[in-house]
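Here's the structure we're looking at; comments come further down.
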Amino acid sequence: MEPLLFFEFLNNIDPIVLILATIGGIIVGFSLGLFGSGGSILAVPFLLYVVGIEDPHVAIGTSALSVASIAVITLVFNMKKKKIHYKEGIQFVLPGIGGAIIGSNLGLATPSEYLMIIFASLMIGIAIIMLRKKDNFKTTTSGNNSLVSLHRNKILLTGLLAGLASGYFGIGGGFLIVPSLMYSASIPIHAAIATSMIPVSGFGLTTAVSYITAGQINIALSIFFIIGGIVGSRTGTKLAGIYSSGTLLKGFAIVLISVAGYIVIHTLFL
């Protein structure tokens, strides 16, 4: 979109909507920085039910671009903490990008109401697993070639599946990626949160391209979401190192269940 056309388009948007989008970005950025998740699981419902986007596909496309951009910024903030496992993050994201391409096209073909219910169900399932799982992962791959190969293959497979789901739901996929990295790469939650920004940004940008091509995105709202996300991400990243792994796991799960419950109630009864 050319600059003049963009500003003309911007003038036609209610300023309250732009303010709400910025607030949504702050919330999403804070969640990404603190939990390594909560991007699109918060952004999609916020865009639908607070900002007022009527089409879930447009909300998903706008969310994907916004969350991916915020994730890149959060990744930069996390570099200073030196907790990012770059090797595992890259191994995870490469097959996942292929999965995200397939998943995003499947998501565009799925009726909106079914997409949101499946989305909520998956969130609840992941939350239950995380509430039951302790952060006691230990790396056991050094010194054994067969274990190293198994370890790498597990990362590649879970990356592919997480990318497929991320593309299908139009999300960065942090709520899938963090537990997937903990399981497949055998790293604790603080390292998984920092590392997750690599695949979150990769999956999100891949998904966003599919939705941009389909014309299912609102660029102006995405820009204001990103602006708010910079502020929120900085704050969340600083707080992430303060809380214990157990506290982060429980907080993450509670956020998932709460948002999923709201989506189900709003989709089925409102």
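What follows draws every value from the coordinates through simple rules; no lab data is involved. It should be emphasised that the depicted structure is a prediction, and the values quoted were computed from it without experimental measurement. Cβ placement follows ideal geometry from the backbone for every residue including glycine, while neighbour counts extend to all protein chains displayed.
The table for this structure:
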item	result
Mean Cα-pair separation over length for the stretch 14-269, i.e. relative contact order, pairs under 8 Å, 6 or more apart, %	41
Dipole of the stretch 14-269 [Lys/Arg +1, Asp/Glu -1 at C-beta], most positive-end residue of 185, 74, 109	185
Binned Cα-Cα distance frequencies in the stretch 14-269 - 5 Å width, integer %	1, 7, 15, 19, 21, 18, 10, 5, 2, 1, 0, 0, 0
Label-point separation, residue 106 to residue 76 (7 Å along Cα→Cβ), nm	3.4
Tensor-based shape of the stretch 41-113 (alpha-carbon gyration tensor, a/c under 1.5 rounded, otherwise prolate or oblate)	oblate
Burial ranking of peptide ranges 59-70, 97-108, 202-213 (average Cβ count within 10 Å, highest at the top)	59-70, 202-213, 97-108
Packing rank of 256-267, 223-234, where each peptide gets the mean count of other beta carbons within 10 Å, highest leading	223-234, 256-267
